[in-house]
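The values are calculated or read from the model by the stated rules, or taken from the named source; none is laboratory data. Predicted model, so just to flag it, every value in this text is computed and none were measured. So basically every Cβ, Gly included, is an ideal-geometry build from the backbone, and we count neighbours across all protein chains shown. Please note that ligands, DNA and RNA were not included when accessible areas were found on the heavy atoms of the full protein model with its side chains. Shrake-Rupley method; radii C 1.70, N 1.55, O 1.52, S 1.80 Å.
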Amino acid sequence: MTDSSEVNEFTQISDVIRRRHSVRVPFDPGHQPAEDELQSILEAARWAPTAHNMQNFEIIVVDDQATLAAIGRVRGGTSEAFVRENYAQLSFSEEELIRKGTGLIATMFPPSWRTPDGKSEEATDVEHGFLDETMRSCPVVLIVVYDTRERAPASEGDFLGIMSLGCVMQSMWLTAEALGIGMQIMSVFSAQHVEEELREILSIPDYIDIAFACRLGYPAVEPGRYLRVRREIQHFTHRNTFAAHGDD
Ligand SMILES: Cc1cc2nc3c(=O)[nH]c(=O)nc-3n(C[C@H](O)[C@H](O)[C@H](O)COP(=O)(O)O)c2cc1C
């Protein structure tokens with residue numbers, strides 16, 4: 001890397017990669033991303049790498065108030081399996097989270113999700129709530145869908161197709177971050193009971209499934225401090241053989 005413009009470009013992209021984060025606070029409903037910014041995020045999806053260049057996605061842009069409200073009335077909720085498996089990877093102190101280097105801190109979740117059996121004396125909020133609570137006043141939601149009749153060539157379970165949808169997600173997310181727009185993935189949109197209701201509201205045919213949805217906007221409140229951890233490079237790299245770690 002000799003050219004100063006290359007160094008500059010590298011610095012910028014690595015900065016955006018480090019800055020990108022999940023924005024889980026409510027958005028300002030009156031502050032919608034500008035149309036050209038939205039187009040930039042869609043352009044990023046357009047140029048995302050996909051297996052066999054199959055471009056196996058369609059994106060439903062929802063910014064109509066009545067449609068957003070109709071989606072908000074869908075009951076989200078969560079499965080017992082989710083609560084159980086989520087609980088298994090929670091950390092109950094910052095020290096524990098830093099030591100593990102993966103996962104999330106328990107306080108990010110509603111009280112019942114912080115117990116092994118998913119039960120709590122405290123008031124239920126998101127856990128049995130409607131999507132409105134998940135969307136939290138967002139002015140625009142992008143719903144990324146794919147055609148289940150197609151798949152990447154010879155890809156068992158369309159593994160390569162699903163990976164491609166992840167590339168679409170990342171391209172959109174980095175672009176949103178670079179534009180200063182907050183983004184949160186909402187996996188609940190692809191839960192079966194939610195997807196069924198969204199099919200009705202958004203006229204999604206039965207051969208099209210929801211990959212993921214994301215809410216976009218500008219935070220209405222100052223996001224609280226949120227500890228984000230990652231493993232050290234040497235903890236996940238293996239030089240030349242899986243038997244050797246990066247620091248061997
Ligand atoms: C496939 C996928 C699904 C995710 N689903 C959710 C979700 O439903 N709700 C949410 O708040 N974050 C969701 N996330 C965000 C992750 O929790 C988040 O990226 C991770 O904890 C790291 O935090 P960061 O995004 O702030 O770096 C999802 C991320 C990915 C890649």
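Looking at Phe109, is it more than 22 Å from Val23 (Cα to Cα), within 16 Å of the ligand (Cβ to nearest atom) and open to solvent by less than 40 Å² (accessible area, probe 1.4 Å)? It would help to see each step written out before you state the result.
On the way: more than 22 Å from Val23 (Cα to Cα): no; within 16 Å of the ligand (Cβ to nearest atom): yes; open to solvent by less than 40 Å² (accessible area, probe 1.4 Å): yes.
When the stated conditions are applied, Phe109 does not pass them.
Residues are listed down the side, and each one gets a yes or a no for (1) over 18 Å from the mean Cα position of the chain (by Cα); (2) within 15 Å of the ligand (Cβ to nearest atom):
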position: Ser137; (1), (2): no, no
position: Ser155; (1), (2): yes, no
position: Phe159; (1), (2): yes, yes
position: Met163; (1), (2): no, yes
position: Met183; (1), (2): no, yes
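Working only within the range 229-248, note down all residues that are within 13 Å of the ligand (Cβ to nearest atom) and open to solvent by less than 70 Å² (accessible area, probe 1.4 Å).
Initial filter on the range 229-248 (within 13 Å of the ligand (Cβ to nearest atom)): 229-231.
Of everything in the range 229-248, just one residue is within 13 Å of the ligand (Cβ to nearest atom) and open to solvent by less than 70 Å² (accessible area, probe 1.4 Å), namely Val229.
Would you point out the residue of the range 199-228, among those that are assigned to a helix (DSSP H, G or I) and open to solvent by 40 Å² or more (accessible area, probe 1.4 Å), that is farthest from the ligand (Cβ to nearest atom)? Explain how you work it out, then say what you get.
So in the range 199-228, the residues assigned to a helix (DSSP H, G or I) come out as 199-202.
So of that shortlist, the ones also open to solvent by 40 Å² or more (accessible area, probe 1.4 Å) come out as 199-201.
Details: Arg199: 19, Glu200: 22, Ile201: 19 Å.
Here the answer is Glu200.
Does Thr78 meet the test of being open to solvent by 30 Å² or more (accessible area, probe 1.4 Å) and within 13 Å of the ligand (Cβ to nearest atom)? Don't jump to the end; show me each part of the working.
Values: open to solvent by 30 Å² or more (accessible area, probe 1.4 Å): yes; within 13 Å of the ligand (Cβ to nearest atom): yes.
Spelling it out, Thr78 is indeed open to solvent by 30 Å² or more (accessible area, probe 1.4 Å) and within 13 Å of the ligand (Cβ to nearest atom).
Among the candidates Glu150, Glu133, Glu196, which residue alone is part of a helix (DSSP H, G or I) and either crowded, with 17+ Cβ neighbours inside 10 Å or away from the ligand (no atom under 16 Å from the Cβ) (or both)? Before you say what the answer is, go through the steps one by one.
Details: Glu150 fails: part of a helix (DSSP H, G or I); Glu133 fails: either crowded, with 17+ Cβ neighbours inside 10 Å or away from the ligand (no atom under 16 Å from the Cβ) (or both).
That would be Glu196, the only listed residue that is part of a helix (DSSP H, G or I) and either crowded, with 17+ Cβ neighbours inside 10 Å or away from the ligand (no atom under 16 Å from the Cβ) (or both).
Give the range 153-177 a look and list any residue that's among the hydrophobic types (A, V, I, L, M, F, W, C) and without any contact (Cβ under 8 Å) to a residue 24 or more places away in the chain, or say none.
To start, the set of residues in the range 153-177 that are among the hydrophobic types (A, V, I, L, M, F, W, C) comprises 154, 159-160, 162-163, 165, 167-169, 172-174, 176.
Matches in the range 153-177: Ala154, Phe159.
So which residues in the range 1-40 are within 16 Å of the ligand (Cβ to nearest atom) and under 20 Å from Met186 (Cβ atoms), if there are any at all?
Within the range 1-40, Arg20, His21, Ser22, Val23, Arg24, Val25, Pro26, Phe27 meet the criteria.
Test each condition in (1) under 16 Å from the mean Cα position of the chain (by Cα); (2) open to solvent by 40 Å² or more (accessible area, probe 1.4 Å); (3) of a type in the set (A, V, I, L, M, F, W, C) for Leu179 and report the one that comes out false.
So Leu179 meets the others, but not (1).
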